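The values are calculated or read from the model by the stated rules, or taken from the named source; none is laboratory data. For clarity, every value in this text was computed on a predicted model and none was experimentally measured. Glycine also receives a Cβ, built like all others from the backbone with ideal geometry; neighbour counts cover every protein chain displayed. Accessible surface is based on the protein model in full, side chains and every heavy atom, while ligands, DNA and RNA are left aside. Shrake-Rupley method; radii C 1.70, N 1.55, O 1.52, S 1.80 Å.
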Amino acid sequence: MTSKTILRSFLKAIALLPALILLSMASYGYFLYSEIVQKEPVLSKVETLRSQKDYVLYKDISPDFLNAIYSIEDRRFYKHGAVDYLALMRAVTRNVRRGRLSEGGSTITQQLAKNMYFNHKRSLSRKLAEFYLAHELENLLSKEEILELYVNIIYYGDGYYGISQASHGYFHKTPKELTLNEASLLAGLPNAPSLLSLSKNYTGAQRRQQEVLEAMLDTRTISKEDFEGFRK
């Protein structure tokens, strides 16, 4: 075997290395996913969450809040499956440009998978396990059921987990009674609940609220008149 042949073989092996690493991580991610759902199947986990005393059904949550949360967290929620590949590519591009990991591109379904089964420690294998879990959630549940679970499980700051605790704790109201003003304010909190909790940073929460309202305008879940009314 000549030196050129050896070099060519070596370069081919190097070229294949990233694909082999990714395949290995994907396999390990699937192993984690399989191990998790074997211990507690998705539907069993869902029923456990729904049995909690503070759990609120979709029909008992303000439509303004539901519209606000999907508009700001995942505005293409009703148009894509478990993963929004357009948003993912956009996030990757922006992260490369900024030279840091500032956007994740996760869908509401992926975030639900994470909150149902994982802590907040990041790893590629965990993200891949989330990917498999998100696909199972999309196969088993409707979009409304996924959104319902999501708003019942996420953290809103000040010790409030789930929309029932947040609406009662912040506004002394049921989730169904939330006004557009209250709903859009709450919907901005899960992005950074410790930083934006209303007892600590109401001004910051209001700035985030404006982003929520802009997102709602983009998804056409509020009118231009409603949006302009908040700016006066």
Restricting attention to region 131-160, and to residues there that are assigned to a helix (DSSP H, G or I) and β-branched (Val, Ile, Thr), which single residue is surrounded by the most Cβ atoms within 10 Å (Cβ to Cβ)?
151
Restricting the search to region 192-204, which residues are among the hydrophobic types (A, V, I, L, M, F, W, C) and either exposed (fewer than 15 other Cβ atoms within 10 Å of the Cβ) or more than 24 Å from residue 110 (Cα to Cα) (or both)?
192, 195, 198
Take the residues in region 161-191 that are more than 18 Å from the chain's Cα centre (by Cα) and outside any helix (DSSP H, G or I); name whichever of them is surrounded by the fewest Cβ atoms within 10 Å (Cβ to Cβ).
172
For region 1-92, list the helices (runs of 4 or more DSSP H) that sit wholly inside it and hold at least 1 residues that are farther than 20 Å from residue 127 by Cα and at pLDDT 70 or above; which are they?
42-50, 63-73
Given (1) open to solvent by 20 Å² or more (accessible area, probe 1.4 Å); (2) without any contact (Cβ under 8 Å) to a residue 60 or more places away in the chain; (3) not acidic (Asp, Glu), identify the lone condition not met by residue 209.
(1)
